Amino acid sequence: MGKEMAAAFPAAHAVFDEVDEALHQKLSALMFEGPEAELTLTANAQPALMAASLAVVRVLEAEAGLDLAKQAAFVAGHSLGEYSALAAAGSFSIADAARLLRRRGEAMQQAVPSGQGAMAALLGLDY
């Protein structure tokens, strides 16, 4: 998750380094090498997904000249994506987003023990 991007683009690598430093953990190593079972724990998955999202934004800024302040009227995200959107917009730093998402993930993980509970999607319902 993000390994090739980090290897190809210094801007992406910098995002992963910033998240690692903020969390006092080599989350990037977990993202790049696994194990998947540890990466998919909510406390790790949430900051990892944000890191990958922000790495893409930083690459677009560095390589394609993206300027969110000038080229986007707004950013949006749902649930976890809200944090990525807020960090992309500069409302708070990538490091702060990583720390917030770690805490959020830990709280969610504690609320439902690993292996219990499930999610479902309902499609095609008539109102």
* touching a His at 6+ places or on another chain (Cβ under 9 Å) and either basic (K, R) or modelled with pLDDT of 95 or more (or both): does that describe S28? -> yes
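Take the conditions of a type outside the set (S, T, Y), without any contact (Cβ under 8 Å) to a residue 60 or more places away in the chain and not in a helix (DSSP H, G or I) and apply them to A62. Does it pass? Before the answer, list the steps.
Working: of a type outside the set (S, T, Y): yes; without any contact (Cβ under 8 Å) to a residue 60 or more places away in the chain: yes; not in a helix (DSSP H, G or I): no.
In short, no.
If the requirement is being within 15 Å of the chain's Cα centre (by Cα) and surrounded by 19 or more Cβ atoms within 10 Å (Cβ to Cβ), which of these qualifies: A76, A14, A51, A29? Step through it out loud before you land on a result.
Details: A76 fails: surrounded by 19 or more Cβ atoms within 10 Å (Cβ to Cβ); A14 fails: surrounded by 19 or more Cβ atoms within 10 Å (Cβ to Cβ); A29 fails: surrounded by 19 or more Cβ atoms within 10 Å (Cβ to Cβ).
Every option except A51 fails the conditions.
State all residues of region 76-90 that are aliphatic (A, V, I, L, M), closer than 20 Å to A12 by Cα and not in a helix (DSSP H, G or I); if no residue qualifies, say none. Give the steps one after another, and end with the answer.
We begin by selecting, within region 76-90, every residue aliphatic (A, V, I, L, M); these are 76, 80, 85-89.
Checking which are closer than 20 Å to A12 by Cα leaves us with 80, 85-89.
Scanning region 76-90 gives a single hit, A89.
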* Flag for S28 being in contact with a helix residue (DSSP H, G or I) (Cβ under 6 Å, 6 or more places away or on another chain), small (G, A, S) and closer than 13 Å to A97 by Cβ -> no
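The values are calculated or read from the model by the stated rules, or taken from the named source; none is laboratory data. Source: prediction; values computed, not measured. A quick note on method: Cβ atoms are made from the backbone with ideal geometry, for glycine too, and the neighbour counts reach across all protein chains shown.
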